[in-house]
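A.B. asks: I have a structure I would like to understand better, so I am pasting it below and will then ask my questions one at a time.
None of the figures in this text is laboratory data; all of them are computed from the coordinates on show. In this text, all values refer to a predicted model and were calculated from it rather than measured experimentally. Every residue, glycine as well, gets a Cβ built from its backbone with ideal geometry; the counts of neighbours run over all protein chains shown.
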Amino acid sequence: MTKQPACRLYLITPPVIPDLDRFAATLTEALEAGDVAVVQLRLKNCLDADILAAAQILGPLAQSHGAAFLLNDRPDLAKACQADGVHVGQEDASYAEARRIMGPKAIVGVTCHDSRHLAMEAGDAGADYVAFGAFYPTSTKEAKSRALPEILQWWREITVVPSVAIGGITPENAAPLVQAGADFLAVSSGVWAHPGGAGAGVRAMNEAIRSASR
């Protein structure tokens with residue numbers, strides 16, 4: 001993942017997608033509403049076949065709109081569906097295993113919670129980005145840690161490896177993370193549950209990023 005001069009939006013799908021066709025339409029609305037750098041498919045408690053079926057529809061859709069398509073947790077499935085990369089947590093496949101499976105050109109990102117040590121290890125190993133969080137309370141998943149914006153500033157000062165901020169991020173609370181140096185804001189319910197719809201959520205997030213970047 002090439003480091004960008006400004007913070008960009010990183011969309012994470014809901015953990016459950018009951019109607020794939022309907023969600024594909026929602027994702028299209030989101031992608032056409034403004035800048036989206038990444039779409040991560042994050043399905044929980046699903047059969048592998050269901051994840052692959054979703055990836056076969058959502059992956060080309062994301063890529064056709066200029067967004068990288070990543071899978072969460074599963075480098076084997078990411079390789080099988082020709083995703084652009086994979087995001088792994090500390091309890092998932094290791095970075096080394098993910099890189100071995102995905103190959104040298106794929107994106108491999110690593111969750112580092114609020115740990116500078118884990119981030120340094122991931123960066124030294126070759127991770128394309130490190131993800132810090134959760135910065136705010138989130139209902140999407142149970143956060144194992146709470147991070148402060150200062151870790152983003154520290155990371156930007158010592159390395160060129162991009163950072164992703166995650167956890168409860170909305171248009172209303174995004175500014176401190178952008179100003180601290182996040183390269184990407186990972187957002188799920190802040191877009192999908194936006195009262196104006198997913199397109200309005202993307203527009204609001206991009207406007208928040210622009211305002212905080214001035």
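A.B. asks: Can you sort PHE69, PHE132 from fewest to most other Cβ atoms within 10 Å of each residue's own Cβ?
C.D. replies: Placing the least packed residue first, the sequence is PHE69, PHE132.
A.B. asks: Set the Förster radius R0 to 22 Å, insert the Cβ-Cβ distance between ALA24 and ASN45 as r into 1/(1 + (r/R0)^6), and round the FRET efficiency to 0.05.
C.D. replies: 0.60
A.B. asks: I've got another one for you. Going by how many other beta carbons lie within 10 Å of each one, how would you line up CYS81, CYS46, fewest first?
C.D. replies: CYS46, CYS81
A.B. asks: A follow-up question, please. I want to check a number: in the chain, how many lysine pairs have alpha carbons closer than 20 Å, given a sequence separation of 8 or more or different chains?
C.D. replies: 5
A.B. asks: Which ³J(HN,Hα) values, rounded to whole Hz and listed in residue order, are derived for region 197-214 from phi using the Karplus coefficients 6.51, -1.76 and 1.60 in 6.51 cos²θ - 1.76 cosθ + 1.60 with θ = phi - 60°, glycine and proline given as x?
C.D. replies: x, 5, x, 5, x, 5, 4, 5, 5, 5, 5, 4, 5, 4, 5, 6, 7, 6
A.B. asks: Enter the per residue convex hull volume of region 8-213, computed from alpha-carbon coordinates, in Å³ rounded to the nearest integer.
C.D. replies: That works out to 108 Å³ per residue.
A.B. asks: Considering only C-alpha atoms, what is the centroid distance from region 87-129 to region 1-63, in Å?
C.D. replies: Going from one Cα centre to the other spans 20 Å.
A.B. asks: Using Cα pairs closer than 8 Å and at least 6 residues apart in sequence, work out the relative contact order for the chain, in percent.
C.D. replies: After rounding, I find 22 percent.
A.B. asks: Run the dipole for the chain about the Cα centre, Lys and Arg Cβ at +1, Asp and Glu Cβ at -1, nothing else charged, and hand back the magnitude in debye, nearest 20.
C.D. replies: 280
A.B. asks: FRET efficiency for GLU172 and SER94, Cβ-Cβ distance as r, R0 = 35 Å, nearest 0.05?
C.D. replies: The calculated FRET efficiency here is 0.45.
A.B. asks: Also: I need the peptides 15-28, 197-210 ranked by packing, meaning the mean over residues of other C-beta atoms within 10 angstrom, with the highest value on top.
C.D. replies: In descending order of packing, they fall as 197-210, 15-28.
A.B. asks: Based only on other Cβ atoms within 10 Å, what is the fewest-to-most ordering of VAL108, VAL36?
C.D. replies: In increasing order of surrounding Cβ atoms, one gets VAL36, VAL108.
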